[in-house]
Amino acid sequence: MALQAASLVPASFSVPKEGKIGVSLKDSTLFGLSLSEPIKADFSSSALRCKRESQRKIGAVRAETVATASPAVTKSAPEGKKTLRKGSVVITGASSGLGLATAKALAETGKWHVIMACRDYLKAARAAKSAGMAKENYTIMHLDLASLDSVRQFVDNFKRSEMPLDVLVCNAAVYLPTAKEPTYTAEGFELSVGTNHLGHFLLARLLLEDLQKSDYPSKRLIIVGSITGNTNTLAGNVPPKANLGDLRGLQGGLSGLNSSAMIDGGDFDGAKAYKDSKVCNMLTMQEFHRRYHEETGITFSSLYPGCIATTGLFREHIPLFRTLFPPFQKYITKGFVSEDEAGKRLAQVAMKFGHNDNKSMKFSSVFISHLLLLSFTQVVSDPSLTKSGVYWSWNKTSASFENQLSQEASDAEKARRVWDISEKLVGLA
Ligand code: NDP
Ligand code: PMR
């Protein structure tokens, strides 16, 4: 009940309290590495690719929320100077890790209002406070991706709030590498794929029309992917490898009853289920692009932000893993990236022209010369980040580049089938 009561409350209403190559990763295994097996050693290149509220409360939200449904660009008299309203971005799983860091990075610009779509209201409120986010820059709304009812409720609440939607970031995820048996979402889907893929699939589909309505200079749908779902990399070759097979498990509803809990129909493996879910995330982004980019002008992107080895994603892993994983990624693979840096990367993908959205309207010669200079130093986000249908990664100097997806993660026919089956599972078809 507390969550429901808090689900639509803007920040100002909150009560702030503040591989193994060849062996399974379960139990006592650490990095899943069996030294007897050869590793496809391309370290250098892989690092590179490497909830309802009364109308009264809704009225209060309208009154308190900075991001309103006013036109994106307004002329303020008397100078007739053009001003851009705040962008409005929904970020799932913004209560920790990458989602929180991204929310912080966007809120700090003063140009974005962040809707933190989180399952734990108090955790999100404390996180935003300790990140130093100013109350006028965010709203917390309840969303539990492991329940399709909750997803629908969130969408309903969001629409009632009449906030615009300019960017949707599908970031939340669970990773259950030590689970021996599958656990399930409210509707009975295996939890990792149910949360990471199916919850986001329904959310993105239901919010597509809101994105389409946006008059903001950039409207975007971003789905966080990962290197570990891409078998064209060393990291993606650490077993268990992602593999959606012929989708028989997904087709069967991932219920573990009459069908397998795994997409490919195999035995349950929590680490593989996560990696499979990431493949679904990356396929979904591309299928959105193929179906809707031209018609809607929405930019669809996925990304691998780097290995953020310190986040809560690894909370279910054995303690020794959690101790050794950050130094392993820092000093051995050199794929490590801090939460702050990863947040800036994702924020870059969310913002059209990075730090210079508003300035880009002023075509002074000073600005142009600065832009030319800065573009060489990557301080200005890469304008190519505006391209749709791309899986972004960053190199060691933190420059973004368009990365190659694995064969399976770029299989258009598989993407179409995952879309069609997912539609049925979430009740859209
Ligand atoms: P965290 O565990 O820190 O963040 C995950 C977020 O998802 C948390 O806010 C969590 O909420 C939320 N979440 C989990 N389940 C649900 C649910 N049912 N409904 C709503 N929210 C939920 O991990 P990261 O920040 O590392 O992960 C963020 C994204 O980055 C994921 O998509 C992950 O796959 C991706 N990624 C991470 C990498 C890494 O190295 N860490 C590398 C590549 C990709 P709560 O706080 O309540 O638990
Ligand atoms: Mg990996 C360049 C090498 C590289 C990179 C960038 C990652 C990222 N990993 C690399 C290599 C290796 N890892 C190697 C050689 C091993 C065997 C020793 C290894 C092992 C390993 C394990 C056991 N790595 C892991 C795990 C996990 O449990 C993490 C995982 O798969 O989560 C799904 C993980 C990760 N390695 C990464 C990244 C980014 C992760 C976790 C996050 C994710 O994909 O979302």
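The values are calculated or read from the model by the stated rules, or taken from the named source; none is laboratory data. Keep in mind the model is a prediction, meaning the values are calculated, not measured. Heads up, the Cβs are rebuilt from the backbone with ideal geometry, glycines too, and the neighbour counts pull from every protein chain shown.
Considering only the range 301-321, state which residues are within 22 Å of ASP269 (Cα to Cα), in contact with a Gly (Cβ under 9 Å, 6 or more places away or on another chain) and more than 7 Å from ligand 1 (Cβ to nearest atom).
Selection gives GLU316 alone.
Among the residues of the range 262-279, are any touching a Lys or Arg at 6+ places or on another chain (Cβ under 6 Å) and under 22 Å from TYR391 (Cα atoms)?
The answer is no; no qualifying residue exists.
The rows are residues; the columns are (1) over 24 Å from GLY343 (Cβ atoms); (2) basic (Lys, Arg); (3) within 16 Å of ligand 2 (Cβ to nearest atom).
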site: PHE158; (1), (2), (3): no, no, no
site: GLU162; (1), (2), (3): yes, no, no
site: TYR184; (1), (2), (3): yes, no, no
site: GLY188; (1), (2), (3): yes, no, no
site: VAL193; (1), (2), (3): yes, no, yes
site: HIS197; (1), (2), (3): no, no, yes
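Any idea which of GLY87, GLY99 is of a type in the set (Gly, Ala, Ser), within 22 Å of LEU208 (Cβ to Cβ), crowded, with 16+ Cβ neighbours inside 10 Å and touching a Cys at 6+ places or on another chain (Cβ under 9 Å)?
Result of the check over GLY87, GLY99: GLY99.
Would you say SER260 is among the polar types (S, T, N, Q), more than 20 Å from the chain's Cα centre (by Cα) and surrounded by 21 or more Cβ atoms within 10 Å (Cβ to Cβ)?
yes
Looking at LYS272, LYS278, can you tell me which residue is among the charged types (D, E, K, R), within 16 Å of ligand 2 (Cβ to nearest atom), within 28 Å of ASP166 (Cβ to Cβ) and under 20 Å from the mean Cα position of the chain (by Cα)?
LYS278
Please give the number of the condition PHE321 fails out of (1) in a helix (DSSP H, G or I); (2) away from ligand 2 (no atom under 11 Å from the Cβ).
(2)
What's the number of the condition GLU295 fails, among (1) surrounded by 15 or more Cβ atoms within 10 Å (Cβ to Cβ); (2) away from ligand 1 (no atom under 13 Å from the Cβ)?
GLU295 satisfies every listed condition except (1).
Per-residue answers, yes or no, for (1) charged (D, E, K, R); (2) away from ligand 1 (no atom under 11 Å from the Cβ); (3) in contact with a Gly (Cβ under 6 Å, 6 or more places away or on another chain); (4) not in a helix (DSSP H, G or I):
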residue	(1), (2), (3), (4)
ASN196	no, no, no, no
GLY199	no, no, no, no
LEU206	no, yes, no, no
GLY236	no, yes, no, no
ASN243	no, yes, no, yes
LEU250	no, yes, no, no
SER255	no, yes, yes, yes
SER277	no, no, no, no
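Does at least one position in the range 211-220 carry a residue that is modelled with pLDDT of 95 or more, within 16 Å of ligand 2 (Cβ to nearest atom), farther than 26 Å from GLY266 by Cβ and part of a strand (DSSP E or B)?
For the range 211-220, residues modelled with pLDDT of 95 or more, within 16 Å of ligand 2 (Cβ to nearest atom), farther than 26 Å from GLY266 by Cβ and part of a strand (DSSP E or B): absent.
Only one residue in ALA261, ALA309, ALA342 is over 22 Å from ALA94 (Cα atoms) and either among the hydrophobic types (A, V, I, L, M, F, W, C) or part of a loop (DSSP other than H, G, I, E, B) (or both). Which one?
The conditions single out ALA261.
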